[in-house]
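Nothing in this text is a laboratory measurement; each read-out follows from the coordinates by a stated rule. These numbers were taken from a predicted model, which means no experiment stands behind them. Cβ sites come from the backbone with ideal geometry, for glycine too, and all protein chains shown count toward neighbours.
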Amino acid sequence: MSENNQQPAIMINSQYIKDLSLEIPHAPSIFAKMNKQPTLKVDINVQSQKLENSSYNVTLNLALNGDIENEKLFILELSYAAVVTLNLPEEHIEPVLGIEIPRLLFPFARNVITQCLTEGGLPPFMLNPIDFAAVYNARKAAENNTANNTTNAANNV
């Protein structure tokens, strides 16, 4: 097979908003406090699911909570997903699904979040880039700790 006919290592077939929710529980009274700097908490989760052949569905879940003076300003939850095809050795698939694909999806998800907040009457909070390698490594470490704790508990019985 010539190099011109090779499939790309990573191909994003489609991207989509799987779920999107914005709640402003204390509107409109909370808007009077908008002159103060809100605190923002961001939770990140990445999930992947094997489809047929070498295709996968990868979902980047972002949950943002904004507070002003210990009062809830907004709750935004976004599940932004993509169907991808990977032409990679087996040992590279899991890290690519957990690090590289979310890194590629993040700018699009950030744009959806910014637009949603703005359309909701809130200031456009700019999310900083996310270190998806650190997120992936933390998840793997947590999985290993859970597996080790289960093994230790089984050994203590």
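Worth pointing out:
- Arranged from fewest to most other beta-carbon atoms within 10 Å of their beta carbon, V46, V58 become V46, V58.
- A Förster radius of 22 Å combined with the Cβ-Cβ distance from L22 to V83 puts the calculated FRET efficiency at roughly 0.30.
- Unsatisfied cross-links (Cα-Cα over 23 Å) in the set K41/K72; K18/K50; K18/K140: K18/K140
- Angle in degrees between helix 132-155 and the longest Cα principal axis of the chain, rounded to the nearest 10: 70 degrees
- Between the range 20-66 and the range 102-130, the C-alpha centres lie 9 angstrom from each other.
- Fluctuation leader among E94, E69, E77 - the chain, Gaussian network, Cα springs under 10 angstrom: E69
- Top of T146, T59, T114 by mean-square fluctuation, Gaussian network on the chain, Cα under 10 Å: T146
- 3J(HN,Hα) from dihedral phi, the range 8-24, Karplus parametrisation 6.51/-1.76/1.60, rounded to Hz, x for glycine, proline: x, 4, 10, 10, 8, 7, 7, 10, 7, 7, 7, 7, 8, 9, 10, 10, 10
- Between the helical axis of 101-119 and the longest alpha-carbon principal axis of the chain there is an angle of about 20 degrees.
- Fully extending the segment from D43 to E71, taken as 0.36 nm per residue of separation minus the present Cα-Cα distance, adds 8.2 nm.
- For I10, nonlocal amide neighbours, meaning residues 5 or more places apart or on other chains whose placed amide H falls under 5 Å from its own, are N87.
- On a per residue basis, the convex hull of the C-alpha atoms belonging to the range 3-155 measures out at 155 Å³.
- Selected from N111, N45, N145 as most flexible by GNM, with the chain as the system and alpha-carbon contacts under 10 Å: N145
- Listed from fewest to most Cβ neighbours within 10 Å, the set M11, M126 follows the order M126, M11.
- Quarter of the Cα convex hull surface for the range 6-76, i.e. its orientation-mean projected area (nm²): 6.8 nm²
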